[in-house]
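Notes for the one structure printed next.
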Amino acid sequence: MALLEIRDLTITFGGLTALNKVSLHLNEPSVLGIIGPNGAGKTTLFNLVSGFLHPTGGEILWRGKNIKGLKPPRVAALGLVRTFQANLVYRDASVLENIIRASYLHVQTNLLQGVLNTKAYRRDEEAIARRAREIIHFMEMDDWSSAVAGSLPHGLQRKLGISMALACAPKVIMLDEPAAGMNATDTAHLMEKIRQLREEGIGVMLVEHDMRVVMGVCDHIIVLNYGQKIAEGTPREIQKDERVIEAYLGSEEAVT
Amino acid sequence: MKSPSDEAQKRTWMGSSLLLVVVCLVPVFMKEQYYLHFLIMSGVSAILCMGWTLLLRLGLFSLGHAAFLGIGGYCSAILAMRLGLSFWLALLLSGLFNALLAFCLGMIILRLKGIYFAVVTFAFGEVVRILYLNWTSLFGGFTGISGIPRPTPVLGVVFDSKIPYYYLIVLLTTLTAVVMYRIDHSRAGRIFRAIGHSADLAQSQGMDLRKHKVMSFTVSCFFAGIAGSFLAHYYTSLYPNEFGVWDSILVQIKATVGGVATVVSGPIVGAVVMTVVSELFRGYMSALEPLFFGIFLILVVFFLPGGLQSLPGVIRRVLRTEKTPAFSNRAKGLENGSLGDS
Amino acid sequence: MGQVIVNALMLGMTYVLMASGLSLIFGILQIVNFAHGQFYMIGAIVLYWLYMLLGLPYILAVFLSMVVVAGVGVAVERTFFKRLLNAPIVAVLGVVLGLMVGLEGLMELLFGEDDKNVTTAFRGVLNVHQFSISYERMIIIGASLLIMILLYCWIRYTVEGTATRAVAQDRRAAELVGIDVDRIRLLIMAIGSALAAAAGSLIAPLFFVSPYIGTTAMLKSLIIITLGGMGSLPGAALGGLILGFIESFGQTYLGNITEMLGFLLVILILLVKPQGLFGVPFEIAE
């Protein structure tokens, strides 16, 4: 059974059809890349899957169960976690605190126990803090753990975004342009992390513009243009696909 | 914001206990009972301000908090006078009634964002006030309710002077403070801050917005109800126009002046200082009061954004001329960026 | 019945003036100016000073009070709002509420606590069939209508008006095409405040003048722009008229409960259609 299956997903705003009958599936931990020119509907797809938008047509199935219409917190609780295209972090808290905040889904004790400061709660909190540090270590941000999130350079903020998503114990993680604005070193690190995630059994859906990342890390790629899927296949196949080349070149021409 | 380390927490508890002892000794040293009135009113304000600040954590700006004070008061008065309940029972029931009302109201209105929520709370406050004015049989209309019974004696203590009231409000304020402190410094506080800072991010991490907003609203209004009940049996009379928009704005002013980075110390400081100041203005200079409050609030917003409770920290930093720009936002306690940045 | 309608129109038009000002300011500066009601009050008080104390002709006094309050608005914008560009909502609300409280206090000191009367400049009554409409009320309706028409023309046909619409839609885009957003902010603040002052001065002869009338005016303006949609001028117009009619008919037929109706309507609208009837927030819809 596919982890995530999307069938004929459609959304229309007013007169504009932002996404038109897009289908895809994500089996077994693997890395699925979603590429396409700007405005193709990639982030819209993420918004739909994660519950921030309601589709006007189509199905979204998580492990065979329909999750269309679920609100974002419920989707996250199922293990389908997303990051955002913008640098969305808790700007005034430290990196560690950010990740601890994000560990909401990971708790064993309830809020009342928290207010009463019971032993079980304290143990729970320690476990959360420990796990947060593990994530910081995994993302190689140890030096930055007490830095204030808002003061971090751009690349680190993106890493923090990914770290927070990891704190939600995802089974599938949806990364929205994680490499945006990153330099070559950071990008290489990112690719390594994505591979490691796949090894740990976490599925990855990746929206990216950076072709090195996409071609280097994805097992399977789908290409969107104007809200429709125009191609899918392995990186090699996509690189040779004429429709894809045309879609990208075509849009480049419009710019120049 | 990190929850304070064990060291810091211990210090806070010790410091607060010391303060509490001092507060309890005040009537012993204060000869003029009249001044106890200021402190009693400060206590009531403090409870309101703490509750208001808790809501602010989630990005909820309430302009109707005084209305809940009034509802608590009227509820308690009616329970005591119509049903003959003792004050102590009425106190608890008023709090619970407020909590229930907040829960029901909250389920409906808490989905509204920022300014819309503020407008609804103030519309609600006005609706309630007009209700008091017009439903004369139950609420006494313009003349309100008078002859509210004093609290029945307990443990041999009779409520015939300000002193027992003083200790009661100290108890209630302390209780509220402890609960608020624990909420703010535990996971609940973390969740509230997350939601207030970025609802989208919080949702994507599994936090249900409505559930937590309703939770905080219920708790906040519960305490407002308790404060209201106390007020009714302290004044022994209630007037509808004491719980309007103006009074809600005062709650905001006191809390902001005190400092909303903390849920306990800031609001308490603000409540005490501004209540005392406002009592000083009464009589001679009552005309100056609004002007002063307005100016003071604006000055605080621009020059001391962390409020009065951040003053010791600011002074220390100025003396040491320490510059920690990355942390200055946190020190000011403002969640969404700092004043003056563009 | 006719009287009730006339009252409704009169109230409605003045509400439209005030609410439009608030809506404009919200649309361009993105601030709900809780001190807007105080501009209304200051307009009425300045009118009192100019017309009753200095004896200036009524129309001139109205005009001048608009100018004065426009100046106050600009001063407030330069001193406070300009610094609030990226401030957290606590700070913004703190400042506008501080202004609301402070301005009332200031005018209390300058004007005194008591209600004062402004004698009407237009005595007499027009008799049409069985109706009698006082000239006073006609002037109020007429003047308000005139001002709103001028405002509409300004927004539609002048360069600044168009620039304003651009800023309301997308500030950054407007900046990129070279619009001086700062100047537009100033302009709108002046216009918005002047509108409030106009409402205050025009209606002053019919009610009394005191430093405390601002709060009620603010409450009503909030009701109106919530009903109509914050930032929408047609919304403010419709909302103002609706409220005017509700109040007029309500007072006559329902009595005191009327006060509650406006607020209940707000709660209702916020639950059913939070953006308001015309709401597309952050836009001066045309």
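The values are calculated or read from the model by the stated rules, or taken from the named source; none is laboratory data. Worth saying up front: this structure is predicted, and the values here are computed from it rather than measured. Reconstructed Cβ throughout: ideal geometry from the backbone, glycine too, with neighbour counts over all protein chains shown. In case anyone asks, the SASA skips ligands and DNA or RNA and just uses the protein heavy atoms, side chains included. Shrake-Rupley method; radii C 1.70, N 1.55, O 1.52, S 1.80 Å.
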Estimated FRET transfer efficiency when R0 is 22 angstrom, pair B:Met14-A:Arg123 (beta carbons, to 0.05)
0.30
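In chain C, how does Rg compare with the Kirkwood Rh, expressed as the Rg/Rh ratio over alpha carbon atoms?
With Rh from the inverse mean 1/r over Cα pairs, Rg/Rh is 0.96.
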When a/c is below 1.5 the answer is rounded, else prolate if a/b is larger than b/c, else oblate, so apply that to the protein assembly as shown with a ≥ b ≥ c taken from the square roots of the Cα gyration tensor eigenvalues.
oblate
So, with +1 on the Cβ of K and R and -1 on the Cβ of D and E, and no other charges, what is the size of the charge dipole of the protein assembly as shown about its Cα centre, to the nearest 20 debye?
1420
Defining a contact as two alpha carbons under 8 Å apart and six or more residues distant in sequence, what relative contact order in percent does segment A:162-218 show?
43
In segment C:72-90, the residues losing 30 Å² or more of accessible area (1.4 Å probe, heavy atoms of protein chains only) relative to their chain alone are C:Phe80, C:Arg83, C:Asn86, C:Pro88, C:Ile89, C:Val90
Rounded to the nearest Å, what's the spacing between the alpha carbon centres of segment C:189-211 and segment A:1-18? Just the number, please.
53
Based solely on its DSSP helices, what 222 nm [θ] is calculated for chain A when runs of n ≥ 4 H residues each add -39,500 (n - 2.57) and the sum is averaged over all residues, nearest 500 deg cm²/dmol?
-12500 deg cm²/dmol
Once fully extended, how much extra length lies between C:Val177 and C:Glu113, figured as 0.36 nm per residue of separation less the alpha-carbon to alpha-carbon distance?
18.1 nm
Chain C - charge dipole about Cα centre, Lys and Arg +1 at Cβ, Asp and Glu -1, debye rounded to 20
380
Neighbour net charge for A:Gln108 - beta-carbon separation under 15 angstrom, K R +1, D E -1
+3
Can you give the Rg/Rh ratio of chain B, where Rg is from the C-alpha atoms and Rh is the Kirkwood radius?
0.96
For segment B:89-141, just list the percent of Cα-Cα distances falling in each 5 Å bin from zero outward, please.
5, 17, 16, 21, 23, 12, 5, 1
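May I ask you to give the solvent-accessible area per residue for chain A, in square angstrom, as obtained with a 1.4 angstrom probe?
I get 45 Å² per residue for chain A.
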Ignoring ligands, DNA and RNA, what percent of the accessible area of the protein assembly as shown is carbon or sulfur (1.4 Å)?
62
Summing both sides, how much accessible area is buried between A and B? Use a 1.4 Å probe and give Å² to the nearest 100.
2900
Which whole-number percent is the relative contact order of chain A (Cα, under 8 Å, 6+ apart)?
27
Leaving out ligands and nucleic acids, and using a 1.4 Å probe, what accessible area per residue does segment B:1-97 come to in Å²?
45
Please enumerate, by chain and number, the aspartates and glutamates with C-alpha under 15 Å from the C-alpha of B:Lys162, excluding those fewer than 8 residues away in the same chain.
B:Glu32
Bin by bin, in steps of 5 Å, what percent of the Cα pairs in segment A:101-256 do you find, going until the bin that has the longest distance?
2, 8, 15, 17, 16, 13, 10, 8, 6, 3, 2, 1, 0
Just list whichever of A:Lys71/A:Lys229; A:Lys159/A:Lys240; A:Lys65/C:Lys273; B:Lys113/C:Lys220 have alpha carbons separated by over 27 Å in the model shown.
A:Lys159/A:Lys240; A:Lys65/C:Lys273
A student applying the Cα gyration tensor rule (rounded when a/c is under 1.5; otherwise prolate if a/b is larger than b/c, oblate if not) would label segment C:104-229 oblate
With unit charges on the beta carbon (Lys/Arg positive, Asp/Glu negative), name the residue among C:Ser144, C:Ala121, C:Gly98 whose Cα is farthest towards the positive pole of the charge dipole of segment C:28-155.
C:Ser144
If you place +1 on the Cβ of every Lys and Arg, -1 on the Cβ of every Asp and Glu, and leave all else neutral, what size is the dipole of segment B:183-237 about its Cα centre, to the nearest 20 Debye?
100
Pairwise burial C:B, computed as accessible area of each alone minus the pair, summed, 1.4 Å, Å²
3900
What percent do you get for the relative contact order of chain C when only Cα pairs under 8 Å and 6+ apart count?
39
Average accessible surface area per residue within chain C, 1.4 Å rolling probe, Å²:
40
Per-residue ellipticity at 222 nm attributable to helices in chain B (runs of n ≥ 4 DSSP H, -39500 (n - 2.57) apiece, nearest 500 deg cm²/dmol) works out to -24000 deg cm²/dmol
Ignoring ligands, DNA and RNA, the residues of segment A:80-99 whose accessible area with a 1.4 Å probe is reduced by 10 Å² or more relative to the chain alone are A:Arg82, A:Phe84, A:Leu88, A:Val89, A:Tyr90, A:Arg91, A:Asp92, A:Ser94, A:Glu97
Go through C:Thr226, C:Met260, C:Ile184 and say which Cα lies farthest out towards the positive end of the charge dipole of segment C:160-286; charges sit on Cβ, +1 for Lys and Arg, -1 for Asp and Glu.
C:Met260
Go through segment B:158-200 and flag every residue whose accessible area shrinks by 40 Å² or more with all protein chains in place compared to the isolated chain (probe 1.4 Å).
B:Arg182, B:Arg187, B:Arg190, B:His197, B:Asp200
Return the single residue from A:Lys42, A:Lys65, A:Lys229 with maximal mean-square fluctuation; model: Gaussian network over chain A, springs between Cα atoms under 10 Å.
A:Lys65
Which one of B:Thr121, C:Val67, C:Ser23 is farthest out on the positive end of the charge dipole of the protein assembly as shown, using unit charges on Cβ (Lys, Arg +1; Asp, Glu -1) and the Cα centre as origin?
B:Thr121
Please report the spacing between the Cα centers of segment B:92-158 and segment C:27-64 in Å, no decimals.
36
